[in-house]
Each structure stands twice: as structure tokens, then as C-alpha cells.
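**Student:** Got a structure here, written out as C-alpha cells. Questions coming.
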Amino acid sequence: MAAAAAFHPPRRKRRVFESYQSPFPVEVGGKDFRMCQAEILSNNVIVRNPEDIEQLYNKGYFGKGILSRSRPVYSISDPSLVAKWQGANINMPIITAKKYQYHVQWAKSVLREQGLDGCSVTKILENYTKPLELPLLKEDGAGQTAASCNRMGPSTENTELSRQSSTDTGTVVDPSPENENKGCKKACLEGDPAFAPVCGSKDQEQGDLKEVAEVSCQEHGFLVHCGCKAEESTEQRSCETMKSKECAPEYVLVQEEEECSVCPEDEAARGQENLVKKEKLVCRRNPFRIFEYLQLSLEEAFFLVYALGCLSIYYGEEPLTILKLWELFSEVKPDFKTTYMAYHYFRSKGWVPKVGLKYGTDLLLYRKGPPFYHASYSVIAELVDDNFEGSLRRPLSWKTLAGLNRTTVNASKELMLCYLIKPSDMTEKDMSTPECMKRIKVQELIVTRWVSSRERSEKDEF
Amino acid sequence: GKSFCLRAHLNLPSGRLNAAQPLAASGRKAPKRAQGQKDFIPDGSAEQAEKLRLCQEEQWRLLSEERVQRRGNLVKAEWKPGQGIVELQSPAGKFWHTMGFTQHGKQCLLPEEALYLLECGSVQLFHRDLPLSIEEAYEILLSQEAMDLPHYQVCWDLQLVQGAQPLTVLSPYERQLNLESHCKSSGKHHRCGPKPSSILSQEKPLSEQPKESDAGSGEGESNPVPLDTGQKDSLSPSKSWAGDHKESSIGTHAPRWDFSTIVLPNMAPDQPCTHLPSPDDGLLPENVPGREVDAAYWCSCINQKQEKLSRKEREQRERESRYKSSVNADREVRRCSSWQEYKALLEQRSQQRMWKRPLHLWDQAVTPLLRPDEATSSAALLQQISVLQPSHILDGASRLDPEDMKIHFNVYQADAVARFKKTNPGKPYVRMCVRSFDEQIPSLRALKQVTYQSGDIPVVFALVDHGEIAFYSLKEFKLPVDVNH
């Protein structure tokens, strides 16, 4: 038995659905350097810009989608409906009518909160949520578009959707590509400018817009992209990119029922004057969009700012300096310095640390990233002085350690204690800057359970 | 008959002690492992009560069994409370190979050894001329400070497996201290992990240095004779200029050439400049005449032979042609009429590419660690952000006072028993500390101290809880750097 713990190579996941891009959102060589932006909302750091989200998550697996398990993949679309309407072949989320109604209700209450009276609200919403011609509907080269897709319900294998319905509704849109674009543009501008002010020119009335922006902002945006106006105008780039992706209205397909007295497709029903309930997809705008943001842990956020310099964190309108962030995060989380140092250490070794909450520890260490390997280590961090003692964040009895080790090993991980050793002459003042890390040493220990030969042979017997 | 220890009796296959065995009843042969959930809560059922009763009966039966021992084989030993040891009254048996010690010419045993042998039925213990029962022996021998019950249980656990022979040999650490002089002196520090190395730029010898990097001569190539007859290759740095170069770089006089007026003729096939005027006499060495020349004829003489490429070369060319392009294909580059202009163009382009450094991060007392333009590779990037120092378990351990974290035993591996000699036990497999489950785990300080004491032998903590023992160790580890993904 060796005195030092052996390194066990991480176990690769059997099925990997992603390809690895880069260890950090910073290119080697410094070309195409991109600054991402985040803000502080109730002591949490969130990133809103979709491109920044992609950059930070894809390159280094920073953060977690607030509506997802890890990677932000929230979609309003109902997967069972998408499967059901597979023949429709459209790239729009499909939702139930009921869900759409919820969104309408939410939008209504938001508008109400803004002081609009009931009458205006109804009018506004009716206008916004009216059925639309489907833009950009390509169907096996037919190029026809339709206002709605008719279908006899899931049991009927009716794929002849567009042509039938176009006959029904009498609307035909010229299939040429130019017109498709026009159609799209048309749909964009269809909205009353009052509700998509940011999509339009910048010289809209700033007054009530700002109000609207601030009120409706937190996790969702009703028609207006929040934050766009609330930020410094120096952030032009982000403003524009956000416009392009989020300010355009979200089109959804709502599965609605329609009573139809004549069903021309169904020969058997001809002659019957029965009312048949038909399901169809109607394209409407979503009046209450839910944007998924990326939430960064305090450690991840600080690392991106201090170690890589590729993130700016705003508090209100003010971008914070590194020292200020160090101070602020330490106030929010008293043990921040300790957990940050451990985080920084493991990142500087090329590993990906994620939060260890589920396993009762501080960090889980992944090689390369969660999609590729199972987490190898579960880490508890402690700060001690150079007499190797300190008031522990988490004093452990042997009993607790045994239990923690058991659950860790059951999840095929190893339990690691990470001691951060600071010189005894390091004062509070010294620690008020992250530069104090240069004088701090790291000691890793692995907890292993020793199986005596007796236990081993007992196991053999059975 | 063969004598075996009490605990061995209790070492029944778990199937017999485990109350819940629904599948065992279905006629299988001796079950290898008990199936299903263990009964862990009293449910008040008659079935459970019956199972417990049977178990208890079995235990009592075993415990009350009288053991058969050959009297002749029993070694008599006497407990000496004053010294806290046991003195043998008759010669020792086989156990003397691994246990016991000699004192004042007499064979003696430590209390725990005596107790163990008593249970094995190898010795008979006397105190004040009366034989001690096992119960009495436990009470009397273990009441001393040197050894308490948990310690003893650990000894027991490690020694005992299947019967007669102990698989591991224990030898109290205190005894070892007298024999092992190497123990304290092991100051071997295992430095693991990469030493932080600074990225040094290589200083190349002068002759290999690219000309333009030389400080003294201003910008541009310092090839002073561009207008040639075409025979001298004027554009490649030649070694012969190195000497001159060196001299001029030391001095501070102004450069001899006005590079802004020197134009390098392009004689490439795509933009032929075939008329070369006569060079300035002042630039020519002595006795070397210069003349005007029309190089058109010469240009037509070159590039006559078709270059024959091997298949590999052809393939490589084909691959490269997909993404490689000539520098001259760039219009802006073609517009540059001198090297100076070209360098200016490059500078301008790199400025555009450089990231805008936000003031709130860079114009401050504390700035980000990474300078993106200095991250030339993934490893270099990691290097730049590595600010925390590694520490080894033995660092600073030598200055710690040995405290109350005692090593209680050395444990030797089974196969080492044959080679074991009390006077020269060899290297232990592990060293053991006995602790209680309710205690705090050792502080880093205590751990360093005990690890240092142990030298290069791993330390294991034995935790006792109502007869159950678990062994844990806290081992030094260095997470390897992962660079190449």
C-alpha cells in the first residue's frame, strides 16, 4: 500500500452527445476575444445575452440554465405535441391551447400592473394574439404556406396538410423565396409598434418604455426586451444582438380544436351533418415570452472576471471592479474566499468544478466537463493557518466522514479534502484582495477506506 | 483437538445470523448471501421473535461449549500487575515466533498478547496462583492504561481470520521505537506535481537571430545592396553580414541607408521587373563594376523544368491549396512598396484585432490574471492563472511537536510472517492509530504529525464501534493537470 493516494483515471460516459469546444471562453492566442456580460440580481449572477450564454456554457461549462437541469435548453414547446405533429415539419414550438391561455393571462396581468385599463388590455392582446399566416413554411418543395394546418386528429394519417387547408381558408401565399422573406418581415412589423418598441427605431419615447422594461424584466419579457434600455448605451453590441434574437416576437403553434361541419378529406363523413372536432395548429405570437438565463455561481463568476478577464459584471448600471467583486461576494457568502480558492485551484489544473450540493460537499470535479466524464472527486474545502489548524467550516467526526465517504463511493466518486493553508501573518486586510492567493498553499487529501485482509477474505467466501 | 478462538465460532456465515431469509427456506443449499432486506426493526411478530430466539440459543450453546485442550500444550503464565506484563512459567510454544519478548532472562508477554493467547487456548493465565477465567483476564489485563478494549479489539480483528494462525502480526509501536532508528530520520519528501516553471524566452545566438530584431539598425531588412545584377540573392539574410551587423548595432550612429528610398524590385513571374538600372558606384565594393541590365532573358531561362513532385508532395500541395493562400494575394499587401509599409500594415491589423480592455478591470489596482495575447497555448494559459502553490503532507511536519496522536501498532502482511523476526521485523505494511467514531477526524496538523512519525509507511485509522471496526486513511494526493483534451 502506497503512502500517497493513487490517481484513478476518470470514467468516460458511455454516450456523449456533444463535441468539445474549448476549455475556456478565451481563445488561445487572444484572437477574437469576446467580453461577456452578467448582472447581479438579488445576490445572484445571471447572464442574459443568448450568445454570451452559449459562449460561457459551451466553453468550460460555466453556469446553469435557470429553467434546465444544467445546459440551458428550455423551450416552451411540448415534446409530445412535436412528436404528434411530426408531419407538419415546422421549426416552431408547439403548445396546447391551455398553455397559450396561461401566457395570455400572464401578459394581461403584466399590462394591468402597468396601469392600463381592462379595455385597452383586451384590445391590445386580441390584436397581438390573432392568428397569423405561417411565415417560411417549406413543405417538401411545395413552398406553400398556410394559415393553419388541418388534421383529423392523431389517428388519421393525413399529411396533405397545406394544400387542403389553403383551399379551405382561401389564403395562398406566393411561394417564391423573396416573398417568404417579405412575409417574415411583414409578420415582424405586424405588431403594433407600441408593443415592440425596441424592435423599431431607437428614437421611440424613452419614458414609458424604460418603465415597461424595468417592470416586466425579471425572468421574462413581455414583448419588450428588458434590460436593453436600462443599460448603458455603451453596450451597443449586446443591445443589437439581443434585439435580433429576443426582440423579434416569438411565434408559436397552438394546438386548437375547431368544430367543423364539413370534412372534405374524409369521404366517409360526407353526407353526415355531424359536428366533428378537428385539431389544428394555429400560428400566433407569444405575448408572454419566457427567457431562460444562465446563472453563474459566485465562484464561476469571479473566475471569469479575475482569472480570465472575459466577463464584466454589472450591479445596476455599474460594472464592478475585481476588488469590489471580491468584497461583495464575500459579504454575500461568508466562506466565499475559501470555496473560491479551491475552485480557482482546480480550474487552473484544467478540471471543471461544479457545485457539490447534491453530494453534500463543496465541489464536484469533472474532467473536461459533465457531458464527457462522470465526476471523479467530491471536494470539501477548508482554510487553515500555517500551524495547519483553523476553525473549520465543517468539522467532521469519524462517523460523519464514514457516512459521507459511503455516499460518495456509492456514486463512484472519491472524497477529497482540500486544505488551503495561509501564512499566519496574513491579515484580514491582506485577504481583502484576491492577490492573497499567491501566498496560499493547497493540500489535497483523499479519504480511502482500508479493507483488511479479513474483510477481503470474507467477501471471497460469499 | 484443534483449538480455535472464540470469535471464530461467531464467524458464522451471515445467513445464519441474519434473521430475514425468505429465499433460504425454499430449499436451496447453504445460501451464499442472505437475500432481501435485513430485519432491523422489531415488528413484534412471532416469526421474528422465534428467529431471534434460535439465534440466541445458538450463541449460548457455542459460548458454553467447553473447549478441549491438551494440557500438555498449555503454557503456564503469570500476570505481574506491578510490571503490567505476563511472565511465562513454562517454555513458550509456536507463538514465540511472533510474540513476546525477553526480560531479565525470562520469556514475557504483553497483556494483549497474553489475552489473545488465552482465548486461543495456548496459554493458561495465573494470578496469585489461581487460574484466570477469560472474563477475569479481560477485566484485569485490560484495565491498565496501555491497552484498552477498543485497541484490543483492533488487534483481534486484524489477527483473526479463519482459525489457528494469525494472518497479521502485531507488534506494539513502543517496542519498535527501540529498534527502528530509521523511523525518525526519514525525511524523504516526495515532491509531486509540476513545479511552476516560468516561461522563458529563448535567447538565440546572434547568428540565428532574424535581422530585423536587432536593436541598432532601425526598421527593415538591413541588406544594403538591393540593386544587383541579379546574381546575388539580395533578399535572403546571409551569414556574412552578421559580422558587420554586430558592429553597427553597438554603435549609436545613424543607419547608413535610407530605407524609405530603397525599393526592392519584384522579379517574380507575375510582376516582372526586368529592367535593372546601373547601381550607384558608391555602393559597390572596389574593383567591382556595375552595369545596367535587362534581365528579361534571364527570367526566361529560369523555371524551365517541370518540377516533379512525389505523390506525397502533390497531395500535400493539394491540401494546402485549399486553405493556404499567398501573402501577395492580398491587395493591401501588394500596395505596400517597402518592407516598412508592410510592417505598418501588420501593426495596424493587429491593433484592430486586439481586444478592448475594459477600464473597470484593467485600469485598477487588481487586474485579471490572464493576458490573452500571452496565452500561446492551453498549457501557457493554465500557467498564467496558476497562482496557488502546492503543498505536500510532509511540508512543515518536522517542526511540529509530537502530540497525542499516537501510533499504536505496526501491521505486517500475512506473507511477511515467515520472514518476521522480533529482532528484525522488517518494514510494516501499515501503521495503525486507534480512534473512536465519535471523535473529530484529525486536524491537518495532527495528520501531518502522525504521517511524519510514520515515515514512508502509510497510516491507517482504526475506528471501533461496538465491536465493529472500520479502517480509513487520509492520503496525500496531487490532482494531475489536465491539458490535452
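Just so it is clear, none of the values below were taken in a lab; they were calculated from the coordinates. Keep in mind that this is a model prediction, so the values were computed, not measured. As a convention, Cβ positions derive from the backbone with ideal geometry for all residues, glycine included, and neighbour counts pool all protein chains shown.
**Student:** Using r as the Cβ-Cβ distance of B:I140 and A:L392, and R0 as 51 Å, what FRET efficiency do you calculate, to the nearest 0.05? Mind dumping the intermediate values first?
**Tutor:** On the way: r = 41 Å, r/R0 = 0.80.
In this case the efficiency is close to 0.80.
**Student:** Additional query: Could you line up B:H466, A:H344, B:H275 from fewest to most neighbouring Cβ atoms inside 10 Å? Intermediate results must be reported in sequence, preceding the final value.
**Tutor:** Values: B:H466 8, A:H344 25, B:H275 11.
With the fewest neighbours first, B:H466, A:H344, B:H275 line up as B:H466, B:H275, A:H344.
**Student:** What average number of partner chain Cβ atoms lie no more than 10 Å from the Cβ of the residues making up A:333-346? Intermediate values should be presented prior to the final figure.
**Tutor:** On the way: counts 0, 0, 0, 0, 0, 0, 0, 0, 2, 1, 0, 5, 6, 3.
So the per-residue partner count for this stretch is 1.
**Student:** In whole Å, largest first, what are the principal axis extents of the Cα atoms in segment A:334-461?
**Tutor:** 61, 36, 21
**Student:** Sticking with this one: For the residues B:D373, B:D281, A:D362, what sequence is obtained by ranking on other C-beta atoms within 10 Å, fewest first?
**Tutor:** Least to most surrounded, the residues fall as B:D281, B:D373, A:D362.
**Student:** Starting from a Cα-only point model with no solvent, please compute log10 I(q)/I(0) by Debye for segment A:37-92 at q = 0.26, 0.29 1/Å.
**Tutor:** Listed by q, the Debye log ratios stand at -1.03, -1.16.
**Student:** Looking at segment A:6-87, which trypsin sites (Lys or Arg not before Pro) are in a loop (DSSP not H, G, I, E or B) and have at most 10 other Cβ atoms within 10 Å? Before the final figure, lay out each step's value.
**Tutor:** On the way: sites: A:R11, A:R12, A:K13, A:R14, A:R15, A:K31, A:R34, A:R48, A:K59, A:K64, A:R69, A:K84; in loops: A:R11, A:K13, A:R14, A:R15, A:K31, A:R34, A:R48, A:K59, A:R69.
Counting only loop positions with at most 10 other Cβ atoms within 10 Å, the trypsin sites (Lys or Arg not before Pro) in segment A:6-87 are A:R14, A:R15, A:R69.
**Student:** At 7 Å along the Cα-to-beta-carbon direction for both B:N266 and B:T376, put a label point, then send me their distance in nm to one decimal.
**Tutor:** Computed distance between label sites B:N266 and B:T376 equals 3.2 nm.
**Student:** Additional query: Residues of segment A:375-404 with the amide nitrogen closer than 19 Å to a label point 7 Å from the Cα of B:E468, along Cα-to-Cβ, please.
**Tutor:** A:397-404
**Student:** Which of the residue pairs A:K358/A:K422; A:K422/B:K448; A:K399/B:K427; A:K337/B:K356; A:K31/B:K343; A:K358/B:K38 have a Cα-Cα distance greater than 23 Å in the structure shown? Walk me through the numbers before you get to the answer.
**Tutor:** Numbers: A:K358/A:K422 29 Å; A:K422/B:K448 16 Å; A:K399/B:K427 31 Å; A:K337/B:K356 29 Å; A:K31/B:K343 19 Å; A:K358/B:K38 28 Å.
Pairs exceeding the cut-off: A:K358/A:K422; A:K399/B:K427; A:K337/B:K356; A:K358/B:K38.
**Student:** Now, a different point. What nm distance separates the two modelled labels at B:V366 and A:N91, each placed 7 Å from Cα along Cα→Cβ?
**Tutor:** Going by the 7 Å Cα→Cβ label model, 4.4 nm.
**Student:** Let me ask another. Just subtract the alpha-carbon distance of A:D385 and A:V28 from 0.36 nm times their residue separation and send over the number in nm, one decimal.
**Tutor:** Values: separation 357, 0.36 × 357 = 128.52 nm, distance 3.64 nm.
Going from the current span to full extension adds 124.9 nm.
**Student:** Nearest 0.05, what FRET efficiency do B:E286 and B:W339 give at R0 = 25 Å with Cβ-Cβ as r?
**Tutor:** Values: r = 29 Å, r/R0 = 1.15.
Efficiency at R0 = 25 Å is approximately 0.30.
**Student:** Also: For segment B:397-473, what ratio Rg/Rh do Cα atoms give with a Kirkwood hydrodynamic radius? Show your work: numbers first, answer last.
**Tutor:** Numbers: Rg = 13.7 Å, Rh = 13.6 Å.
Rg/Rh: 1.01.
**Student:** If you take each beta carbon of peptide B:366-377 and count the beta carbons of other chains within 10 angstrom, what is the mean? Each step should come with its number before you reach the end.
**Tutor:** Values: counts 10, 4, 9, 11, 8, 2, 11, 4, 2, 7, 3, 2.
Whole-number average of other-chain Cβ neighbours for B:366-377 is 6.
**Student:** Still on this structure, please answer the following. Would you order A:T408, B:T367 from fewest to most other beta-carbon atoms within 10 Å of each residue's own beta-carbon?
**Tutor:** B:T367, A:T408
**Student:** Cα-based Rg of segment A:288-392 per 2.2 N^0.38 Å, rounded to two decimals?
**Tutor:** Dividing the Cα radius of gyration by 2.2 N^0.38 Å gives 1.19.
**Student:** Quote the FRET efficiency, to the nearest 0.05, computed for A:S42 versus B:K422 with a Förster distance R0 of 60 Å and r equal to the Cβ-Cβ distance. Write down the numbers at each step before the final one.
**Tutor:** Details: r = 70 Å, r/R0 = 1.16.
That gives a FRET efficiency of 0.30.
**Student:** What is the mean number of Cβ atoms from other protein chains located within 10 Å of the Cβ atom of each residue in peptide B:445-453, rounded to a whole number? Before the final figure, lay out each step's value.
**Tutor:** Numbers: counts 7, 2, 5, 2, 1, 0, 1, 0, 0.
Partner-chain Cβ atoms within 10 Å, mean over residues of B:445-453: 2.
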